[in-house]
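Presented below is the structure to which this report refers.
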Amino acid sequence: MATVEIRNVRKSYGPVEAIKGIDIAIQDGEFLVLLGPSGCGKSTLLRMVAGLEGITGGEIAIGGRVVNELDPKDRDIAMVFQNYALYPHMTVFDNMAYGLKIRGIPKAEIRARVDKAAEILELGRFLDRRPSQLSGGQRQRVAMGRAIVREPAAFLFDEPLSNLDAKLRTQMRVEIKRLQDRLGITSLYVTHDQVEAMTLADRILVMNHGVAEQIGTPLEVYQRPASLFVAGFIGSPPMNVLDGRIDDRGEAVLVPGGQRLLLPQSRPTDAGRPVKLGIRPEHLAAAAADFPGGFSIEIELVEALGADTVVYGRLPDGEALLVRMAGIPTVRERDRLTVAPQDGALHLFDAVTGRRVE
Amino acid sequence: MKQTRFIDLVPHIVLIVGVLIFAYPIYVTLIGSTWDSATIGRGGLPLWPGGQGAANYAQAWAGEAGERAIYTPVRTMMLNSLVMALSIAVGKIAISILSAYAVAFFRFPLRMAFFWLIFITLMLPVEVRIIPTYKVVADLGLINTYAGLAIPLIASATATLLFRQFFLTIPDELLEAAKIDGAGPVRFFIDVLLPLSRTNIAALFVILFIYGWNQYLWPLLVTSSGDMETIVTGITKMIGTGESANDWHLIMATTVLAMLPPVAVVVLMQRWFVKGLVDSEK
Ligand SMILES: Nc1ncnc2c1ncn2[C@@H]1O[C@H](COP(=O)(O)OP(=O)(O)OP(=O)(O)O)[C@@H](O)[C@H]1O
Ligand SMILES: [Mg+2]
């Protein structure tokens with residue numbers, strides 16, 4: 001058990017900068033999720049912590065000890081790979097025991113640790129099987145078991161669930177959460193699935209093009225996205241973003257459709273400033289046709305998801321607007337509908353930098 | 001229905017005819033080894049077994065002298081061939097799996113240059129480089145030794161290439177998982193790579209054993225004493241130049257004996273690699 005500190009870490013592949021300076025201190029026992037789109041450098045960062053990838057600049061410390069120059073085996077970490085990377089010719093038992101054997105741990109203790117991990121993961125019946133004789137979910141569990149028996153300072157997961165089908169993924173997600181609560185081992189978890197990130201994380205590090213866009217708890221990231229990128233990446237369907245301008249008195253945002261949306265507090269210093277206005281689809285609700293600040297949309301598509309309904313609308317000026325309503329559809333395609341944002345649902349971002357305007 | 005029957009039948013007939021054509025000479029050899037030399041010498045070899053089998057084999061196995069010439073006993077030649085074929089098979093597999101490991105898993109200066117160097121040896125068959133090779137072996141004093149027989153044939157790249165291709169199919173994550181588990185390069189090789197290469201090793205062993213066993217030109221050059229004779233060169237030497245009559249009964253018995261080790265290797269190893277293919281873990 002240990003803290004993991006990442007200090008201004010950089011990684012270049014020749015002229016290409018994959019990681020452009022990331023800073024984060026992960027608490028002992030914390031579950032940190034690295035979230036971001038494909039190619040943003042999540043795996044690279046994780047693999048630098050693991051020691052599988054050299055560190056171009058900055059420092060990584062595990063348990064207070066700088067590990068930049070240490071081999072993976074000396075970093076006291078365990079990793080779960082996307083394709084599990086189990087040894088195909090070894091039994092489940094040997095797969096889990098291999099790392100312990102190499103470290104010269106006595107046979108009896110290996111047996112005890114593997115049996116305990118197998119019990120936690122319900123793998124007891126499979127200990128004598130080869131990976132090829134297991135289902136995807138069971139293999140995944142063996143990969144977890146291999147990490148658990150090592151009792152490492154930190155767990156590293158690189159998209160461990162992405163090879164599983166949706167149902168199994170949900171199930172394993174819950175299991176990982178339970179396991180982490182029970183073992184309390186510091187974990188770094190890479191995913192591009194926001195549901196995994198929201199449900200598992202103590203904190204999320206949202207990455208984009210090798211930089212940390214935001215570091216925060218799942219709710220912070222959802223409620224106060226630090227940039228347009230985070231706003232668009234977290235939440236499903238993604239946040240609506242409209243061009244806007246703060247009015248001359250700094251009291252409301254004007255959007256091209258003519259609506260005037262009152263700000264929760266007035267900001268005279270920002271009067272006249274162009275902004276991007278973000279509203280989450282789930283924070284728009286149907287309103288009376290003449291509701292002040294309401295958006296009148298023509299409905300193009302209605303997706304009934306059962307528990308809720310996603311409405312794809314178009315504003316008079318041609319902009320798209322998504323609305324998510326609870327329950328089964330009450331509107332039909334080609335209907336007109338007026339929707340209005342709920343209180344406190346407005347997010348403002350700088351029109352140029354895309355950073356949040358508080 | 002009738003039509004498909006007919007269509008099914010044709011390949012069978014072709015196969016049976018093919019097998020007969022291939023098997024007939026072997027059958028004749030087998031029969032020949034059971035008759036006395038006079039019967040064979042007259043030219044009318046019967047197609048059924050004669051009564052001389054035991055005597056012929058005993059004489060070929062241990063005998064120093066035939067009726068018309070002096071030979072190296074088969075047991076000596078078999079031993080020589082066995083040592084040569086095993087050295088070639090084991091040596092080649094050992095060297096090529098190690099060099100393939102180096103080329104496939106490690107980054108070192110001139111890595112690709114080494115790979116191409118290895119690759120180039122493929123383009124030069126033994127026969128092409130035989131004179132320089134002979135010179136080297138002679139200068140090293142390896143004429144008439146097992147080392148002289150086997151070492152020049154060990155150096156070639158076929159197996160290196162095969163192993164390299166196989167190693168490239170092994171996912172990087174497996175190596176990384178092993179690194180995190182604490183396995184160094186040697187442990188990874190012994191604990192993971194070797195077991196995964198089992199099937200390939202078995203298949204290559206069969207091919208290389210037969211390749212070594214059937215060597216003709218090279219043993220002919222580097223052995224001059226009778227006690228280093230290999231069985232393939234030995235048989236050809238038993239067949240005279242035509243000036244004298246041949247001990248056909250002994251030649252046939254020797255030939256039959258010469259076939260046994262390759263057949264045994266195929267039969268034994270086949271179990272291994274068929275098993276490997278069936279419960280493949282890839
Ligand atoms: N060996 C390499 N050489 C050059 N560029 C590389 C190398 N490995 C990764 N990159 C680049 O670094 C960037 C980050 O890659 P990385 O694998 O970390 O992405 P990722 O966030 O894990 O994406 P994914 O979700 O698709 O796995 C990518 O743009 C990739 O092209
Ligand atoms: Mg990745």
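The values are calculated or read from the model by the stated rules, or taken from the named source; none is laboratory data. Small disclaimer: the values here were computed from a predicted structure and weren't measured. Counting neighbours? That spans all protein chains shown, and the Cβs are built from the backbone with ideal geometry, glycine included. With ligands, DNA and RNA removed, areas are computed over all heavy atoms of the protein, side chains included. Shrake-Rupley method; radii C 1.70, N 1.55, O 1.52, S 1.80 Å.
The calculated 222 nm mean residue ellipticity attributable to helices in chain B amounts to -22500 deg cm²/dmol, summing -39500 (n - 2.57) over DSSP H runs of n ≥ 4 and dividing by all residues. Between A:A112 and A:D343, the contour length at 0.36 nm per residue exceeds the alpha carbon distance by 77.5 nm.
Each Lys and Arg adds +1 at its Cβ and each Asp and Glu adds -1 at its Cβ; summed about the Cα centre, chain B shows a dipole of about 500 debye. Model label points for B:A23 and A:A289, set 7 angstrom from Cα along the Cα-to-Cβ axis, are 9.4 nm apart. Residues of the range A:141-190 whose accessible area, computed with a 1.4 Å probe over protein heavy atoms, drops by at least 10 Å² once all protein chains are present relative to their chain alone are A:R146, A:R150.
Using a probe of 1.4 angstrom and keeping all protein chains present, the accessible surface of the protein assembly as shown works out to 49 square angstrom per residue. Here A:K42 is the anchor, and the aspartates and glutamates within straight C-alpha reach of less than 12 Å, apart from those fewer than 8 places off in the same chain, are A:D158, A:E159. Residues considered: B:F166, B:F106, B:F115. Largest GNM mean-square fluctuation over chain B, using C-alpha springs under 10 Å, is found at B:F106. Compared with the dominant Cα axis of chain B, that is its longest principal axis, helix B:111-121 is turned about 10°. Where in chain A lies the longest segment free of trypsin sites (Lys or Arg not before Pro) that are both loop residues by DSSP (not H, G, I, E, B) and have at most 16 other Cβ atoms within 10 Å? The segment A:130-248 is the longest one with no such site.
For chain A, the longest principal axis of the alpha carbon atoms and the long axis of helix A:92-102 meet at an angle near 70°. A simple spin-label model places pseudo-atoms 7 Å from Cα toward Cβ; at B:R107 and A:R7 they are separated by 2.7 nm. Beta-bridge orientation, chain A: approximately 75 percent antiparallel, per DSSP, counting only bridges with both partners inside.
In a DSSP loop and with at most 10 other Cβ atoms within 10 Å, there are no GluC sites (Glu not before Pro) in the range A:77-171. Residues in the range A:330-345, backbone N under 17 Å from the label point at A:T217 (7 Å along the Cα-to-beta-carbon vector): list them, ranges by number please. Backbone N within reach: none found.
In plain terms, the chain from B:L168 to B:Y134 could stretch by 8.7 nm, reckoned as 0.36 nm per residue minus the Cα-Cα distance. Relative to the dominant Cα principal axis of chain B, helix B:53-62 is inclined by about 60°. Per atom type, chain A shows carbon and sulfur on 49% of its accessible surface, probed at 1.4 Å.
Note on chain B: Lys pairs 8 or more places apart or on different chains, Cα atoms under 28 Å apart, count 5. Here the accessible area is traced with a 1.4 Å probe on the protein chains. For chain B, carbon and sulfur cover 72 percent of it. Shape analysis of chain B places it in the oblate category; the axes a ≥ b ≥ c from the Cα gyration tensor give an a/c of at least 1.5, with a/b not above b/c. For the chain pair A and B, the buried solvent-accessible surface (1.4 Å probe, both sides summed) amounts to about 1900 Å². Restriction of the GluC sites (Glu not before Pro) in the range A:45-74 to DSSP coil positions whose beta-carbon has at most 10 other beta-carbons within 10 angstrom yields A:E69.
At a threshold of 30 Å², the residues of the range A:49-87 that become less accessible to a 1.4 Å probe in the full protein assembly than in their chain on its own are A:L52, A:P72, A:K73, A:F81, A:N83, A:A85, A:Y87. Does the protein assembly as shown come out rounded, prolate or oblate by the C-alpha gyration tensor, with a ≥ b ≥ c the root eigenvalues, rounded set by a/c under 1.5 and, if not, prolate when a/b is larger than b/c and oblate if not? Prolate is the answer for the protein assembly as shown, as a/c is 1.5 or above and a/b outweighs b/c. Within straight cross-link reach of A:K107, meaning Cα distance under 19 Å, which aspartates and glutamates are found once same-chain residues fewer than 8 apart are removed? Those aspartates and glutamates meeting the cut-off are A:D94, A:D115, A:E119, A:D128, A:E151, B:D181, B:D191. Bridges between two residues of the protein assembly as shown, per DSSP, are antiparallel at a rate of about 75%.
Here is the tail figure for the range A:199-358: Cα pairs spaced more than 22 Å apart come to 44 percent of all pairs. Once both labels are positioned 7 Å from their Cα atoms along Cα-to-Cβ, the gap between B:E127 and B:S224 label points is 2.5 nm.
The convex hull drawn around the Cα atoms of chain A, when projected onto a plane and averaged over every direction, covers 21.3 nm².
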